[in-house]
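> Quick one: the structure is below, questions incoming.
Rule-based calculations on the coordinates, nothing more; no lab input. Note that the structure is predicted; figures quoted are calculated from it, not measured. Here the Cβ positions follow ideal geometry from the backbone for every residue, glycine too, while neighbour counts run over all protein chains shown.
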Amino acid sequence: MDIFAHGLWAAAAARGSNRKVRRKISVWWTAWWGVFPDLFAFAPAIAFMLWRRLAGVRPPAAVGDRSDPVFHLAWSLYQASHSLIAFGAVFGLVWLIARRPWLPMLGWALHIVIDIPTHTARFFPTPFLWPVSPYRFSGISWGNPWFMLVNWSAIAIVYLLLRRTGRRRRKEPSCRSGVYPPV
């Protein structure tokens, strides 16, 4: 899925969760962790390609040439950042250090779970069991125009619902003060 959609889905999950849980989850941090796997995997490769272009170094003949070191760098980082095993290890380590789970990091896990069925074996299949298993699921391509239309429509609907239910909650009287509205 595209990076912007990942951020929006993660933010929507945090906003929706904040209505159900006592301990609030930062929407912005959750959105950050929702885009983190792609930033981690592709930002260094993009920076290296830009540097190469600015330095006048000729790139390989074809874009996406698998013999290009930039491709190998991106693929290596992609495996680590799109693994539920790696996520679990980092999440567990942060939990140990902070002595409680840092829930915004679940945006990272959501990113991986969304990518599993929305990547094909032909283009960056999600290595969600790396390094334990090489298994990858070949799903539908998130780049299909019909899928992008459905995905972005679903995002718009979810945000409209979050906004609508948020307005309704603000209009309801609060009973926390101990003063109840007349029946």
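> Have a look at H119, H111, H82 and tell me which one the Gaussian network model of the chain (Cα, springs below 10 Å) gives the largest fluctuation.
Result: H119 has the largest fluctuation of those listed.
> Oh, and also: Can you give the extra length, in nm with one decimal, that the chain gains between T165 and R58 once fully stretched, where that is 0.36 nm per residue apart less the Cα-Cα distance?
Result: 33.1 nm gained on full extension.
> Sticking with this structure for a sec: If you build a Gaussian network model of the chain, linking Cα atoms that sit under 10 Å apart, which residue out of V27, V70, V132 swings the most?
Comparing V27, V70, V132 in a Gaussian network model of the chain, the most mobile one is V132.
> First measure r as the distance between the Cβ atoms of S141 and V90, then evaluate 1/(1 + (r/R0)^6) with R0 = 22 Å and state the FRET efficiency to the nearest 0.05.
So the FRET efficiency works out to roughly 0.20.
> How far is it, in nm, from the label point at I3 to the one at S67 when both lie 7 Å from their Cα along the line to the Cβ?
According to this spin-label approximation, the distance is 2.9 nm.
> Across 10 Å bins from 0, what is the distribution of all Cα-Cα pair distances for the chain, in whole percents?
With 10 Å bins starting at 0, P(r) equals 9, 28, 30, 20, 8, 4, 1, 0.
> How big is the dipole moment of the chain about its Cα centre under a simple scheme where the beta carbon of each Lys and Arg is +1, that of each Asp and Glu is -1, and everything else is neutral? Debye, nearest 20, please.
1200
> Please rank R52, R99, R15, R163, fewest neighbouring Cβ atoms within 10 Å first, as an exposure proxy.
With the sparsest Cβ surroundings first, the list reads R99, R163, R52, R15.
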